[in-house]
Every structure is written in C-alpha cells, then in structure tokens.
1. Using the structure shown, decide if residue 229 is touching a residue at least 40 places away in the same chain (Cβ under 8 Å) and farther than 23 Å from residue 73 by Cβ.
2. Would you be able to tell me the number of residues in segment 304-321 that are more than 23 Å from residue 203 (Cα to Cα) and either crowded, with 21+ Cβ neighbours inside 10 Å or in contact (Cβ under 8 Å) with a residue 12 or more places away in the chain (or both)?
3. Considering segment 197-249 alone, what residues qualify as being modelled with pLDDT under 85 and within 23 Å of residue 290 (Cα to Cα)?
4. Name the single residue that is nearest to the chain's Cα centre (by Cα) among those in segment 77-95 being part of a loop (DSSP other than H, G, I, E, B) and surrounded by 13 or more Cβ atoms within 10 Å (Cβ to Cβ).
5. I'd like the residue in segment 55-75 that is without any contact (Cβ under 8 Å) to a residue 60 or more places away in the chain and surrounded by 12 or more Cβ atoms within 10 Å (Cβ to Cβ) and, out of all such residues, is farthest from residue 33 (Cα to Cα).
6. Is there a residue in segment 231-251 that is surrounded by fewer than 12 Cβ atoms within 10 Å (Cβ to Cβ) and in contact with a strand residue (DSSP E or B) (Cβ under 9 Å, 6 or more places away or on another chain)?
7. Could you identify the single residue in 260, 193, 171 that is surrounded by 16 or more Cβ atoms within 10 Å (Cβ to Cβ) and within 30 Å of residue 327 (Cβ to Cβ)?
8. Among the numbered criteria (1) free of Cβ contacts under 8 Å to residues at least 40 places away in the same chain; (2) out of contact with any strand residue (DSSP E or B) (no Cβ under 7 Å at 6 or more places or on another chain); (3) farther than 19 Å from residue 34 by Cα, which one does residue 78 miss?
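The values are calculated or read from the model by the stated rules, or taken from the named source; none is laboratory data. Just so it is clear, the structure is predicted and the values come from calculations on it, not from any experiment. Cβ atoms come from the backbone with ideal geometry, glycine included; neighbour counts cover every protein chain shown.
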C-alpha cells in the first residue's frame with residue numbers, strides 16, 4: 001500500500017475504464033508494436049480520450065535506460081541508443097543503467113519547432129567546438145508515448161515533423177552546418193474533436209490507426225462510468241488497489257505479446273485478401289496494407305497465437321483503413337461502414 005501511495009499523481013487504472021473498446025485496442029496494439037505508426041483518436045469532448053492515453057502509459061512495465069542519458073538510451077540495442085552511449089560502448093567505458101517508467105510526453109498546442117526538436121547552441125559550437133544540444137520533446141519521448149491533444153489544431157509543419165520522426169525513428173536537428181541526430185522511437189497518439197476540423201488527408205493517412213469514439217448513450221452504462229470515476233476521485237488508492245491484479249495481468253499479456261511478435265506469421269492467402277480489400281476500397285499507396293498486416297500480427301500475439309487468423313484481421317482492419325478512404329462530400333455513408341461491407345464480402 002505504501003508503494004502505491006508514493007505515486008505523486010494517481011493515474012486512473014486502464015482496466016477500470018468502461019467501454020471505448022476500439023480506442024483501448026488501438027492503444028494496446030501500438031504498444032505491442034510501435035511500428036504500426038501510432039493512433040489518431042477522434043471523438044466528442046468528455047469521452048475519456050486523455051484519461052485512457054495516460055492510463056496506458058502508466059500500465060506499461062518499466063524500461064531499462066542508460067543513467068543520465070538525455071535520450072533514454074537502451075543499454076544494448078544500437079537502434080535505441082544515442083551517439084554518446086554508442087561511443088562509450090565502443091570505447092569499452094562502463095555504463096550504468098536504471099529502470100524508469102515509460103515516458104509519457106505531452107505536446108502543448110503552442111509548442112515551437114525548437115521545443116519539439118531541440119536546439120543546438122551555435123555560439124558554443126563555434127567558439128569551443130562542442131556540440132551542445134538542448135533536447136526537445138522528441139528526445140524525451142524516445143521509447144515512450146508522445147501525446148498530442150487536439151492534433152487537428154496543431155500547425156501542419158509540426159505535424160509533418162512529428163510524423164516523419166515517428167516513421168523513421170530518428171530526429172535530426174541542423175543549424176549553420178552543424179547537425180545532431182538522435183533516436184526518437186515513440187508511439188504517437190493524437191486526439192481531437194471532429195467539430196474542430198479534420199486533419200489534412202495526407203497527414204491523417206500517416207497515422208497507423210484511426211479510432212472513433214462516441215458518447216455512451218446507454219443510461220445504465222453512463223451511471224456505471226460516473227460511479228467508477230466518482231469512486232476514483234474520492235479514494236484513488238483504493239481504486240488502484242482494487243484493479244491491481246487486472247493491471248498486472250494486462251501488463252504481463254503485453255510483455256508476452258511483445259516477445260512473441262517476431263514469431264507470428266501471416267499466411268500468404270490472407271495477405272492477398274488484405275491487399276484485395278485495400279484495392280477495392282481505392283486506398284492510395286501501400287500504407288494500409290502494411291499497417292493492417294502489422295496490426296493483425298500484433299493482435300494475434302496479444303491473443304498468444306503464432307499465426308494470424310481471419311478474425312484477427314476483421315478485428316483490426318477498419319481501424320487501419322477507415323481514415324485512408326477518399327472522401328466524397330456528397331456521400332453520407334460512414335467510411336467505417338464501407339470498410340466493414342467489403343471486409344464481410346472478402347473474408348466471410
């Protein structure tokens with residue numbers, strides 16, 4: 001109990017969140033395989049978007065990082081390591097490590113490019129020949145989650161930088177001929193309210209998954225959600241204790257799935273069917289095919305399976321494709337319904 005009370009700011013338990021299954025699944029799959037490319041969550045105000053995103057970050061097991069490293073460098077994986085740490089290892093300098101909670105970084109709406117990417121002290125570099133780098137939010141988010149609330153109101157230029165870093169896993173800062181590059185592997189989570197406008201299609205397409213959430217209409221379920229939240233606000237530590245076993249079970253499932261993921265296979269015929277669905281829906285490019293394959297594998301791993309089944313694809317494909325369809329302003333059919341219709345025809 002004391003260990004729980006040491007938390008400075010109690011986080012609502014992920015397993016205590018009622019409903020919003022689509023959003024929860026998208027977040028879990030991106031945590032299992034960050035290469036899915038993040039998730040865009042669109043929904044009404046007050047539907048628990050921020051609560052759920054903070055809860056998934058709090059749920060994750062601690063990660064091992066190099067002590068005093070500004071990029072949360074991994075002690076043995078070169079792809080998740082800063083150049084400083086690489087040099088130390090190559091020069092056989094002993095490094096010490098520590099375990100930290102998975103970083104959860106918020107990008108405020110008014111953030112500048114320097115705040116996001118970091119800055120190089122040009123004066124120090126020219127006068128002393130030292131590359132003095134002040135890390136930005138991308139450095140802090142390495143190996144963690146970067147959350148952008150109201151991403152549809154963020155400057156397009158910053159969204160571009162975010163998506164480029166999320167796709168490549170690296171951030172490069174250049175000034176006056178001086179360049180610094182560091183790992184920036186993170187799960188990008190954006191949320192927004194559709195009333196405030198959509199993202200441009202070419203930006204939206206680069207989010208791996210797109211979850212749509214609506215306000216719960218069922219009165220009894222609404223009462224259940226309100227009571228759950230009231231109990232947490234009144235005594236957060238009792239609520240955390242109540243859900244501790246469920247949290248630990250889910251945490252263990254995620255770790256097992258992460259370890260099993262490289263061994264999961266998808267049959268060639270199923271790959272063809274995924275691509276056929278993308279073709280019929282006129283999905284531009286191949287991102288839809290790639291992300292659906294990845295998400296289906298992650299879901300299979302989450303269910304402790306080593307081979308993707310049709311039901312795994314059916315469960316994830318709408319999340320992967322609905323935001324990639326070309327919008328017809330005169331069409332009243334929901335994009336998710338269009339995907340479901342074709343999926344049922346091809347996979348049933």
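1. So residue 229 passes the test.
2. 10
3. 199, 200, 201, 202, 203, 204, 205, 206, listed by residue number.
4. Within segment 77-95, the match that is nearest to the chain's Cα centre (by Cα) is 81.
5. Start the filter on segment 55-75 by keeping residues that are without any contact (Cβ under 8 Å) to a residue 60 or more places away in the chain, which leaves 55, 58, 62, 64, 66-69, 75.
Cutting the leftovers down to surrounded by 12 or more Cβ atoms within 10 Å (Cβ to Cβ) gives us 55, 58, 64, 66, 69, 75.
Values: 55: 18, 58: 17, 64: 18, 66: 22, 69: 24, 75: 20 Å.
Taking the candidates together, the pick is 69.
6. Checked segment 231-251: no residue is surrounded by fewer than 12 Cβ atoms within 10 Å (Cβ to Cβ) and in contact with a strand residue (DSSP E or B) (Cβ under 9 Å, 6 or more places away or on another chain).
7. 193 is the lone residue from the list that is surrounded by 16 or more Cβ atoms within 10 Å (Cβ to Cβ) and within 30 Å of residue 327 (Cβ to Cβ).
8. Result: residue 78 fails condition (3) only.
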